[in-house]
Structure formats: C-alpha cells, structure tokens
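Structure first, commentary second.
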Amino acid sequence: KQLDSLCKEYDDLSKQCPSLDFETVQGMLKGFIDLVFEYQGKYYIVDYKSNWLGDGVEAYTESALNQVMCEHRYDLQYQIYCLALHRFLRSRLADYRYETHFGGVYYLFLRGLPKQGIFYHLPKQQFIEKLDKLFDGKDLS
C-alpha cells in the first residue's frame, strides 16, 4: 500500500493505474533492464516492448502507450529500474548527482517505431529518494 501510494503521489501515469497487488509486484521483481546508455553525461534506461496495439504505426499513439503502460503496470517496472540505476550510479560515480547524471527511461514499442511507439519519463528526484528509503525499510513520514 505504501508503494502504491508513493507511486501515485509522484507519477501522473501511476495515478491512472489500478492498485498494486502482490502478484503485480512479484512479477516486476523478476524483470531485467534491457539497456543502459550514457549520452552527454546523462544515463538512460531503455526497455523494449513487443506489445501489439493494433494494425499500423498509427495505433501506437501517446494515449495508447499510456493505456498499455497502465494495464501492465510498466510504470512500477520503470520506477524500480530507475531506482536500481540511481543506486548503481551513486555507488560508481564519485560526484553523482541525480539532476546532473540521471536522464530518464525510454520504453520503445518496437511495432510502432520509428515514427511512434516511444514512451519517455524522468521521475522526480524526490520520488526516487523516497522510493530508495521505502526499499530500505525506512519510515517515509
């Protein structure tokens, strides 16, 4: 409940999604980040998706992407991935600062590329810091 509440407080997409349950969270903890890349000093996450949203690239609109992101709770997936990269960068870069080094996350829906099918999000720093505390078992209040 705390995790769902925190996600919905800071992420507009999460606000549109159904409530989290154990099965959803358990499934997210089995995933892997597809790619991390650095561009101009910022680090980004990429996750590839092969979801079929309809015939043709016109089916891969922002609205359609948001809907499928919510249906599968990919918002939670990218939030966990962002926390993982944040923790990794903090442990590897001596001068790490979220606002300087963290670039965000891309979900690339392959069937909509190259014209559509790109979802991008940069979580707020305060959200990632609170998520970090929550995963460490610390009180958020």
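The values are calculated or read from the model by the stated rules, or taken from the named source; none is laboratory data. Only a predicted model underlies this, so the values are computations on that prediction, with no experimental measurement involved. With ideal geometry, Cβ positions are generated from the backbone for all residues, glycine too; neighbour counts draw on all protein chains shown. With ligands, DNA and RNA removed, areas are computed over all heavy atoms of the protein, side chains included. Shrake-Rupley method; radii C 1.70, N 1.55, O 1.52, S 1.80 Å.
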**Prompt:** Are there any pairs with C-beta distances below 7 angstrom linking a residue in region 56-82 that is in contact (Cβ under 8 Å) with a residue 24 or more places away in the chain and farther than 14 Å from F109 by Cα to a residue that is among the small types (G, A, S) and buried (at least 17 other Cβ atoms within 10 Å of the Cβ), with the two at least 6 apart or on different chains, and if so which?
**Reply:** D75/S14
**Asked** Out of region 39-76, which residues are over 18 Å from the mean Cα position of the chain (by Cα), under 14 Å from Q116 (Cβ atoms) and of a type in the set (G, A, S)?
**Response** G54, G56, A59
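Looking only at region 6-40, count how many residues are of a type in the set (D, E) and assigned to a loop (DSSP other than H, G, I, E, B).
Here is the first cut: in region 6-40, the ones of a type in the set (D, E) are 9, 11-12, 21, 23, 34, 38.
Narrowing further to those that are assigned to a loop (DSSP other than H, G, I, E, B): 11, 21, 34.
Looking only at that region, the number is 3.
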**Request:** Pairs only if they're at least six apart or on different chains, beta carbon under 7 angstrom, first in region 24-52 and of a type in the set (D, E, K, R), second open to solvent by 60 Å² or more (accessible area, probe 1.4 Å) and not in a loop (DSSP other than H, G, I, E, B); list them, first residue then second.
**Result:** D34/Y48; K49/L110
**Item:** Qualifying residues in region 11-40 (those that are of a type in the set (V, I, T) and within 24 Å of L110 (Cα to Cα)) - the one modelled with the lowest pLDDT
**Value:** T24
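What are the residues in region 121-140 that are within 16 Å of the chain's Cα centre (by Cα) and open to solvent by less than 50 Å² (accessible area, probe 1.4 Å), if any?
The first filter runs over region 121-140 and keeps only residues within 16 Å of the chain's Cα centre (by Cα), leaving 121-132, 135.
H121, P123, F127, I128, L131, D132 - these are the residues of region 121-140 that are within 16 Å of the chain's Cα centre (by Cα) and open to solvent by less than 50 Å² (accessible area, probe 1.4 Å).
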**Message:** Scan region 106-128 and tell me whether some residue there is touching a residue at least 12 places away in the same chain (Cβ under 8 Å), closer than 20 Å to L29 by Cβ and out of contact with any Phe, Trp or Tyr (no Cβ under 8 Å at 6 or more places or on another chain).
**Reply:** no
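Which count do you get for residues in region 28-40 that are of a type in the set (K, R) and open to solvent by less than 60 Å² (accessible area, probe 1.4 Å)? Spell out the reasoning first.
Of the residues in region 28-40, the ones of a type in the set (K, R) are 30.
Checking the rest, the ones that are also open to solvent by less than 60 Å² (accessible area, probe 1.4 Å) come to none.
Selection size over region 28-40: 0.
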